[in-house]
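A.B. asks: Here's a structure for you.
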Amino acid sequence: MKQRSVDGKKKTGKLLLEFGSLSIIMAFLCGVEIWQAMSYDWEIALGGSLFPQAFIKSVGNYKITYLNQESLYISFLSVLFSFLGNREDVVSIINLILQLAGVFFFYLGAKKLFHFVFPLAITVISGVLSICFYPVIWDTSMHMVWFLTGLIFWLGSTTYNNKPYDFIKRIFLGILLGIFSYIDLAGFLLLLIFVLFVFLKGELCNKNKKLPLVYFLYFLLGTINGFFVMFYLWNNFLFDKYVLQYWFDDKLRFFYQEGGLNQYISLGILLGIILIFYAVKCFRKPLTATVMVEDLENLEDLEIIVIDDTVSEVPIIEAVSENVKESIQEEIKEPISEDVKDVVATKPIKFIENPLPLPKKHVKKEMNYAFEPTSDQMHYDLNNYRFDDDYDLKDI
C-alpha cells in the first residue's frame, strides 16, 4: 500500500510538472505574439490581400470557388467577421488562435507517441518555429495549414501509439490525409511521416504478416480514395492532364509567395524531429529487452511488472538501480515471447527469509478435569436417602 501511495505521488507530481511546463511555454508564446501585434497597433504589417476578401459585403459572404489553403483561410475569416464585424485587429487574434491551437495539437499528438520529455521538447520547438515563421501580423493562409497539420497529426498519432492499431482509425486517417493532400501539399509530407512510422514500428515485420499488411493497404486505399473523391468533386468530375496541371500549379503557387518556402521548410523540420524521436523510441525498446534477457540463465530473481493490464515476466538483477527499473517499466509495453516465458517458468523462485520477528505459534488449549475418577468413586456421598426426606428444609 505504501509503494502504491509513493507511485501515485510521483505520477501526480509528474503530471503537475508537465502541465506547468506546458502552461509556461504557451503563455510565453502568447505573450510574444501579443507584444508583436501591439507593436504594430494590431494592424497587418505583412501581406494584407486576403482578409479584405473575407469582409462581409452587401453582395454576400465569401464563397469558395476552388478548394485550397487560401480559400479555407478566407472562408474561416469570413465566418468570424460575420459575428465580430469587419475589423482588421480581429485578423491578428484569429492568427494567434490558429497558431496556439496548432502548437497544442502538436503537443497532444506527441503525447500519444512519447512520454514526458519529448512532448515538451516538441512543444518548445513548434512554438519557436511558429514565432519565427508564422507571426500574427502576417496575413497568410499558412496559418490554416499550420493548424490543420497539427490537428491531423494528433488524430493520426492515436493509431501509432503502443496500443494495438485500430482498423477503423487507420481507414479514417487515410481518408483525412487524402483530403488534406488535395487541399495542400503539406498533406503529402504528413502521409510520408505516417508511412515511415509504420516501418519504424515494424508492423509489417510482425509474425502475423497478413493482418498488418491488410491494415496498411486499407490505409493507403483510404488516402487514395479521399484524394480522388475531392479531386473529382472540385474539378467537375474531370480528370486529365490539364486539370491535374492546374491543381499542381495552384499548390506550387504558395511555395513562391513571400516566406512560403521557409514556412514549408519549418513544417518539414518539425515533422522530421518528431520522426527522429520516434525512431529513437523504436530502436531503444528492443535494445532494453535484449539487455535484460540475454543472460537469462544466470539470473535468479524475478519481478512481475504490470503495465496497461498486460503482465510481463521480466528477469531483473537485484542490484539494478530503481531508475533502471522505472525505465524498463516505461519501455516494455508488450509481453515477452513464449520462448522467453518458458525459460523463465523453469527457473525456481528463491524467496528471501523474513528478517522481521514473527509472533509465537498458537497452541490449541483444551478444558479438562484435574483428575479422572475411577468407577468405584462414581457415586453420591449419601446413598441411604429417603424419598420423604427434604434436605433443604430444617426442623422447626
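The values are calculated or read from the model by the stated rules, or taken from the named source; none is laboratory data. Source: prediction; values computed, not measured. Here the Cβ is made from the backbone with ideal geometry for all residues, glycine too, and neighbour counts use every protein chain on show. Note: areas computed on protein heavy atoms with side chains; ligands, DNA, RNA excluded. Shrake-Rupley method; radii C 1.70, N 1.55, O 1.52, S 1.80 Å.
A.B. asks: Kindly indicate which of S75, S126 is open to solvent by less than 50 Å² (accessible area, probe 1.4 Å) and touching a residue at least 24 places away in the same chain (Cβ under 8 Å).
C.D. replies: Within the list S75, S126, the selection yields S126.
A.B. asks: Now, a different point. State all residues of the range 258-269 that are hydrophobic (A, V, I, L, M, F, W, C) and open to solvent by less than 70 Å² (accessible area, probe 1.4 Å); if no residue qualifies, say none.
C.D. replies: Hit for the range 258-269 is L267, nothing else.
A.B. asks: Filter the range 132-164 down to residues that are over 30 Å from I44 (Cβ atoms) and surrounded by fewer than 19 Cβ atoms within 10 Å (Cβ to Cβ), then give me how many there are.
C.D. replies: The number of residues fulfilling the criteria is 6.
A.B. asks: Can you pull out every residue in the range 47-80 that is within 35 Å of the chain's Cα centre (by Cα) and assigned to a helix (DSSP H, G or I)?
C.D. replies: Listed by number, the residues that qualify are Q69, E70, S71, L72, Y73, I74, S75, F76, L77, S78, V79, L80.
A.B. asks: Being acidic (D, E), open to solvent by 60 Å² or more (accessible area, probe 1.4 Å) and touching a residue at least 12 places away in the same chain (Cβ under 8 Å): is that true of E33 here?
C.D. replies: Answer is no for this residue.
A.B. asks: Just checking, how many residues over the range 1-35 are at pLDDT 85 or above and more than 22 Å from I131 (Cβ to Cβ)?
C.D. replies: 0
A.B. asks: Name the pairs whose Cβ atoms lie under 9 Å apart, with the first residue in the range 233-260 and without any contact (Cβ under 8 Å) to a residue 60 or more places away in the chain and among the β-branched types (V, I, T), the second part of a helix (DSSP H, G or I) and surrounded by 15 or more Cβ atoms within 10 Å (Cβ to Cβ), and 6 or more positions between them or separate chains?
C.D. replies: Filtered contacts from the range 233-260: V243/F231.
A.B. asks: Conditions: (1) over 19 Å from C30 (Cβ atoms); (2) open to solvent by less than 70 Å² (accessible area, probe 1.4 Å); (3) charged (D, E, K, R). R87 meets all but one. Number of the miss?
C.D. replies: The failed condition is (2).
A.B. asks: Looking at the range 179-191 only, could you name the residues that are in a helix (DSSP H, G or I) and closer than 18 Å to D249 by Cα?
C.D. replies: I179, F180, S181, Y182, I183, A186, G187, F188, L189 - these are the residues of the range 179-191 that are in a helix (DSSP H, G or I) and closer than 18 Å to D249 by Cα.
A.B. asks: Continuing with the same structure: Among F255, F277, F199, F248, which is of a type in the set (A, V, I, L, M, F, W, C), modelled with pLDDT under 90, within 24 Å of T149 (Cβ to Cβ) and surrounded by 15 or more Cβ atoms within 10 Å (Cβ to Cβ)?
C.D. replies: The conditions single out F277.
A.B. asks: For the range 247-284, which residues satisfy the criterion of being hydroxyl-bearing (S, T, Y) and not in a helix (DSSP H, G or I)?
C.D. replies: Residue satisfying the conditions is Y256 alone.
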